[in-house]
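*Asks:* Submitted below is the structure of interest, expressed as structure tokens.
The values are calculated or read from the model by the stated rules, or taken from the named source; none is laboratory data. These figures come from a predicted structure and were not determined experimentally. With ideal geometry, Cβ positions are generated from the backbone for all residues, glycine too; neighbour counts draw on all protein chains shown. Heads up: the accessible areas ignore ligands, DNA and RNA and are worked out on the full protein's heavy atoms, side chains in. Shrake-Rupley method; radii C 1.70, N 1.55, O 1.52, S 1.80 Å.
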Amino acid sequence: MTTISLARGVPAAELLPVEELADCAREVLRREGSTLLNYGPVAGYTPLREWVAARHGVEVSRVVLTPGSLPGLVVLFQVLLAAGRHPLVEAPSYDRPLGILDTLGVQPAAVPLTDDGLELGALERELAARRPSFLYAIPTFQNPSGRTYTEDVRRELIELARVHDLLLLEDDPYRLVHFGGEPPPTLFELAAGDGVVYASSFSKVVAPGLRVGYLIVPPELVGAVEERAVATYLSPAVSLQAALYEFIARGGLEPNLARVRTGIGARRDATLAALDEHLGGAATWSRPDGGYFVWLDLADGVSADDVADRAHEAGVAVVKGSDFFSRGAGGHSSLRLAYSFVSTRELGDGIARLAAAIPAPAAV
Ligand SMILES: Cc1ncc(COP(=O)(O)O)c(C=O)c1O
């Protein structure tokens, strides 16, 4: 039996614009190959930086293109930690930044997430108790929960951050993958760029293998970020940035986005339908309006770690909720399901297999 992966948060193969990018890569290498095949400027390929700057209405000097957004986050964490700042994260949060902080020997403060966004009362208590000085947050179609902060929560968060001198690091790779209306404005927009570092990526809207992400950094941090980026990876892959820019300049982005929204939206629908069919009564789950993930809460007392192991034996891979809490301090009855990668038929089969791996209430 082939394992069905509800673990991989990547676009389905059929959604990757392979031929278009191949044409673009050939064209830019033919045109600018001797420059693009050398090390490039650490902040990246200038035309793409300019495009990002125009899209977000910022000075181009504040845009640092990174080899995927994750290395950008690593660089930023290092800069902020070196400046003596202490992190705060959402609980749950994207597992890789949590792992990076752990590797750097830092245990972040954490604030629970509700259906409306960060729990602001808990945030205030944490701000008073542990005095964290930057928040790593994914306010839109969050990984892992699929949740989105309401506009009210965003505004209140910005106000609290201003009062407590809390720098906001907004990680926003899923915003454009919406299935209904547009999500609320970014923290970066609502705060007019003040006190917010913005990170995003082309991984979830074009292709993860391009490794193109970006940071929009406050002017006073640009020098430190670029210096740390050079020390960490020397140069981003400007050849791939140039191929991506060519793809955008040819008008490829919007049609690709439409394809991604339709393809992943159909997968979201199939996932919710299969959950209603197979898991009603055994769990509750988020109903995301965008992004790649559903968060599943099992009935009290059911161990998600055991269910994930049994599901794996039954041929479906899911991720344990505890992976998304710093040092596994939570999420033991939750699971993350990624619906972006496999077909709608496999989603249905995978969720049926998962349901069979969940013990009946009487057996708990
Ligand atoms: C919230 C979030 N940030 C960043 C990333 C990493 O993106 P990139 O491929 O740009 O490094 C991911 C990938 O899953 C993610 O979910």
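*Asks:* What figure, in Å² to the nearest 10, do you get for the accessible area of residue 56 with a 1.4 Å probe and non-protein molecules left out?
*Replies:* Approximately 50 Å² for this residue.
*Asks:* Where both partners of a DSSP beta bridge lie in the chain, what percent of those bridges are antiparallel, to the nearest 5? Please report the intermediate quantities before stating the final value.
*Replies:* On the way: 21 of 39 bridges.
Here the share of antiparallel DSSP bridges comes out near 55 percent.
*Asks:* Go from 0 up to the bin containing the longest alpha carbon distance in the chain, width 20 Å each, and give me the % of pairs per bin.
*Replies:* Calculated over all Cα pairs of the chain, the distribution is 29, 57, 14, 0 percent.
*Asks:* Roughly how many whole Å is it from the C-alpha centroid of the stretch 47-121 to that of the stretch 216-262?
*Replies:* 16
*Asks:* Pick from 104, 275, 354 the residue whose mean-square fluctuation is largest in a GNM of the chain, springs joining Cα atoms under 10 Å.
*Replies:* Of 104, 275, 354, the most mobile in the Gaussian network model is 104.
*Asks:* With +1 assigned to the C-beta of every Lys and Arg and -1 to the C-beta of every Asp and Glu, and no other charges, what is the dipole magnitude of the chain about the Cα centre in debye, to the nearest 20?
*Replies:* Working: 32 positive and 45 negative charges, 139 e Å.
So the dipole magnitude of the chain works out to roughly 660 debye.
*Asks:* Go through 14, 90, 27 and list them by solvent-accessible area, largest first, probe radius 1.4 Å. Walk me through the intermediate numbers first.
*Replies:* Details: 14 135, 90 0, 27 45 Å².
Most to least solvent-accessible, the answer reads 14, 27, 90.
*Asks:* Would you mind checking the radius of gyration and Dmax of the stretch 68-107 based on alpha-carbon positions, in Å?
*Replies:* 9.7, 26
*Asks:* What does the highest-first list of 320-331, 125-136 look like by mean Cβ count within 10 Å? Before the final figure, lay out each step's value.
*Replies:* On the way: 320-331: 19.2, 125-136: 17.7.
Sorting 320-331, 125-136 by mean packing, highest first, produces 320-331, 125-136.
*Asks:* Then there is this: Name the helices (complete DSSP H segments) of the chain with a Cα length along the long axis of 27 Å or more and a Kyte-Doolittle mean of at least -1.0, or state none. Don't jump to the answer; show the numbers that get you there.
*Replies:* Values: long enough: 253-279 (37 Å, -0.21).
Those that clear 27 Å and a mean of -1.0 are 253-279.
*Asks:* Hey, if you put +1 on the Cβ of every Lys and Arg and -1 on every Asp and Glu Cβ in the stretch 18-249, which of 196, 67, 117 ends up farthest toward the positive end of that dipole?
*Replies:* 67
*Asks:* What does the helix-only formula give at 222 nm for the chain: each DSSP H stretch with n ≥ 4 adding -39500 (n - 2.57), the total divided by the residues, and the result rounded to the nearest 500 deg cm²/dmol?
*Replies:* Per the formula, -14000 deg cm²/dmol.
*Asks:* Rounded, prolate or oblate: which fits the stretch 107-261 when a ≥ b ≥ c are the square roots of the eigenvalues of the alpha-carbon gyration tensor, with rounded for a/c under 1.5 and prolate only if a/b beats b/c? Write out the running numbers ahead of the final one.
*Replies:* On the way: a/c = 2.27, a/b = 1.37, b/c = 1.65.
Oblate, since a/c reaches 1.5 and b/c is not below a/b.
*Asks:* Over the stretch 18-249, give the accessible area per residue in Å² for a 1.4 Å probe, as an integer. Each step should come with its number before you reach the end.
*Replies:* Numbers: 9380 Å² over 232 residues.
Per-residue accessible area for the stretch 18-249 comes out at 40 Å².
*Asks:* For the stretch 219-364, take the convex hull of the Cα atoms, compute a quarter of its surface area, and give me that in nm², please.
*Replies:* 12.7
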